[in-house]
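First comes the structure, then the notes that go with it.
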Amino acid sequence: MEAFGLAPLILVFPVVGLLFNALAGRRFVEADREVGEKWSGWVASLMALAAFVIAVLLGLSLAANNFHTEVVHLFDWVNIPSADFRVPWAIRVDTLSVAMMLVVTGVGSLIHIYAIGYMHGDPDFSRFFTYMNLFLFFMLILVTGNNYLMLFVGWEGVGLCSFLLIGFWFDRVDEARRPMNANAARKAFVANRVGDFAMVLAMILAFWSFGSLDFDRVFSSAEELAGEAIHFGSVELSLGVVLTAITTLFLIGATGKSAQIPLYVWLPDAMAGPTPVSALIHAATMVTSGIYLIVRSNVLFEMARARGVPLLGVISSPDLVATTGAATALLAGLIAFTQFDIKKVLAYSTISQLGFMIAAAGMGAYVAAMFHLITHAFFKALLFLGSGSVIHGMEHGHHHLGHDSQSDDDHHAERFDAQDMRTMGGLKDKMPWTYRVYLVGALALAGIFPLSGFWSKDEILVHANSPENNYQVIYWILTAAAVCTAFYMGRQLKMVFFGAPRHEAAKHASESPPIITVPLVILAILAFFGGVLNLPYFGQAPEHPEGSFLMLEQWLEHSITAIELSVGEEGEALLDLPETPKAFNLVVAGISTGLAVLSLGLAMGVVYRNRPQTAAERDPLQSTPIWWFSILPLNTLYMRGVVPLFNRLAHWLAETIDDRLWHDFFHDRLVRNSFVYGARFVNDVFDTRGIDGLLVNGSGRLARWLGDQFRTTQTGYARNYALGIFLGVIALLAYFLFF
């Protein structure tokens, strides 16, 4: 079976959906909202499902074709024969791209269907689905492109769609009358431009060094140039230095799209967009672009590792990738402790989990990074959509109260926030289906056996803990981040679903309709059983993996070139890829699971056992001691030392480092204000006074002045003209006589 000829349809179907909604969707909705919303939403959703079917057919075709990479050429995009430069617009069908296609279209289709119910009644219903299909189109370009330039088109396209969808409700303002959604969209756009600039530099450097932007040609040229120097005019650099520069620039690009230190600041604010956007773009797909970029460029990263050229004499670029990911995972996990917005907790959780993936890719565990990317798409999309269901239920409960409610919580009514977990509580009985699926997602994220997150997160930890790989520090940082994950998810579960309702809206909340809950159930099933995609061997791993174990590794090894080069032909290995353990490690699994269960129990059974009881009560982390400290002599030290220090650290990280330094200083003052001041200087000084004032208006005034001066010589008297001729003759004679 071969369906490679159908590959272009995976891009065509989303275009059909966006054109329908852009050209006719609004008219359908305005003519009859109930029928029009069905047409608008279901056409967009069916186009996403059709793209998913194509992805499935391409996967089956690959399996039938012995996993041989197929490139479907569509047309020549850039062709400069004199420079021997040709960039075709071609779709790359290999196991890595198909894996991404399945995630993007599969999870994307469920989110599209969910959005039909969630966006019901929105005045710009059809515009929303136009943007969603447009995003799907660009994301598929990103993962199917056969060269870096085509990948960059998708890269920029998803950034544009992120801007449009974060600012979808651009007319919403905060208490200070500031356009919060529009500002959040701008912040995301500017932060991503920093990473995009690094991407452009990396592509320029790669083209100069290897003469191509095609993946296969870049990788093969890098292998052929081993040991040779690369000339940049009069400057000569070794291949190791060039690869270190390219891979470091790729990392900077990844920190923008995948929200890593220091460019993670845009993702929490992106939660201002509709919840389906948070689930699709900012949890499951677009934010994984950086991981895909690094995994796709695995040969360059492994060659940089093999050359051992340290960046600034300190650290190699792959190790910098691993360190950046691990540090981001821990930092974001700590910041999540202080959040009360249900979506912002998940936003910082997403940053943390992306850190796990980045760390895995930096350690050379490319399959583990992709495994966690896939399972994370399942359970994090589930959690974001579940949070949307909770918000939907809370808003329904608040709407039920009416504007004349005389409840005990009237002092909160004016500033009611349906996303504030302090106003929730007791939703387990009010929204039973949402609670069940949310519990599955939370336990999967926390890494509880046997859910999918347990298998994918532990595979990363096992790789980091392997003595041969020398990543013990990364292992303990990621383990600490995993403990944080379990705690803040236990905290969230307790505050949202357990205890007594802390607001009248929570008392009157109701379950969401099936159009919202059915996609949640499907995602919950995937989040529960997703671990079977790459189950490890129990016992000694065989020399040649076969059968139903490590299926994802057997699938991806055909497109992760570094794996093939580490095996080599006739026993000669070109790369020394860090060893990825294939057998189940009971010690690592036991430690991570035990700590996760302990952390969950600590959050739900101790710190948040009976508190908070009202929406206005202080968070228990700020005042409640852990019970076993109270029976030890260290209680005083704990209460006066550990608790205040932890609270100050969490507050400092959230308020000073995250909000004031990165958000306000870096983004608002340094980046935005510098841009604004520069633009004003160019407009007010350079353009107005320089170009217009000096060159345009100045030259005009000079011409007028000269004209005025010469006009005085035109008197109309013959004697004056004769005098002029006489003086001219005298001047000519003087010139010829003396010069």
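The values are calculated or read from the model by the stated rules, or taken from the named source; none is laboratory data. Computed from a predicted model, the values in this text were never measured in an experiment. Cβ sites come from the backbone with ideal geometry, for glycine too, and all protein chains shown count toward neighbours.
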Looking at (1) in contact with a Pro (Cβ under 8 Å, 6 or more places away or on another chain); (2) under 15 Å from residue 300 (Cα atoms); (3) of a type outside the set (Gly, Ala, Ser), which is the only condition residue 255 fails? (2)
Being out of contact with any strand residue (DSSP E or B) (no Cβ under 7 Å at 6 or more places or on another chain) and at pLDDT 95 or above is true for just one of 64, 51, 83, 115. Which residue is that? 51
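What do you reckon, is residue 220 of a type in the set (Ser, Thr, Tyr), crowded, with 24+ Cβ neighbours inside 10 Å and under 26 Å from residue 89 (Cβ atoms)? Steps first, please.
Working: of a type in the set (Ser, Thr, Tyr): yes; crowded, with 24+ Cβ neighbours inside 10 Å: no; under 26 Å from residue 89 (Cβ atoms): yes.
Considered against the rule, which asks whether it is of a type in the set (Ser, Thr, Tyr), crowded, with 24+ Cβ neighbours inside 10 Å and under 26 Å from residue 89 (Cβ atoms), residue 220 comes out as no.
How many residues, within region 463-476, are in a helix (DSSP H, G or I) and surrounded by fewer than 24 Cβ atoms within 10 Å (Cβ to Cβ)? Can you show your working first?
So in region 463-476, the residues in a helix (DSSP H, G or I) come out as 463-465, 472-476.
If we keep only those that are surrounded by fewer than 24 Cβ atoms within 10 Å (Cβ to Cβ) too, we end up with 465, 472-473, 475-476.
Result for region 463-476: 5.
Modelled with pLDDT of 90 or more and crowded, with 24+ Cβ neighbours inside 10 Å - does that describe any residue in region 305-315? Walk me through it before giving the result.
Filtering region 305-315 down to residues modelled with pLDDT of 90 or more leaves none.
No, that holds for no residue.
Within region 474-499, track down each residue that is in contact (Cβ under 8 Å) with a residue 12 or more places away in the chain and either over 23 Å from residue 604 (Cα atoms) or among the aromatic types (Phe, Trp, Tyr) (or both).
Within region 474-499, 474, 475, 477, 487, 488, 497, 498 qualify.
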Quickly run through region 223-235 and pick out the residues that are surrounded by 11 or more Cβ atoms within 10 Å (Cβ to Cβ) and of a type in the set (A, V, I, L, M, F, W, C). 225, 226, 229, 230, 232
Conditions (1) modelled with pLDDT under 85; (2) of a type in the set (S, T, N, Q); (3) surrounded by fewer than 19 Cβ atoms within 10 Å (Cβ to Cβ) -> residue 238 fails only (1)
When residue 259 is evaluated against the numbered criteria (1) of a type outside the set (Ser, Thr, Tyr); (2) over 16 Å from residue 200 (Cα atoms); (3) in a helix (DSSP H, G or I), which criterion, by number, is the only one it fails? (3)
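Being of a type in the set (Gly, Ala, Ser) and within 24 Å of residue 362 (Cβ to Cβ) is the filter; apply it to region 251-276 and report the residue that is surrounded by the fewest Cβ atoms within 10 Å (Cβ to Cβ). Spell out how you get there, then give the answer.
Just the residues of region 251-276 that are of a type in the set (Gly, Ala, Ser), to begin with: 253-254, 256, 258-259, 270, 272-273.
Applying the additional criterion that residues be within 24 Å of residue 362 (Cβ to Cβ) yields 253-254, 256, 258-259.
Values: 253: 28, 254: 30, 256: 26, 258: 29, 259: 32.
Among those that are of a type in the set (Gly, Ala, Ser) and within 24 Å of residue 362 (Cβ to Cβ), it is 256.
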Run down 359, 327 and say which single residue is surrounded by fewer than 24 Cβ atoms within 10 Å (Cβ to Cβ) and assigned to a helix (DSSP H, G or I). 327
Pair list, Cβ < 6 Å and 6+ apart or interchain, from region 269-281 residues that are over 19 Å from residue 157 (Cβ atoms) to residues that are surrounded by 24 or more Cβ atoms within 10 Å (Cβ to Cβ) and at pLDDT below 85: 269/187
How many residues does region 150-174 contain that are in a helix (DSSP H, G or I), farther than 24 Å from residue 76 by Cβ and of a type in the set (Val, Ile, Thr)? 2
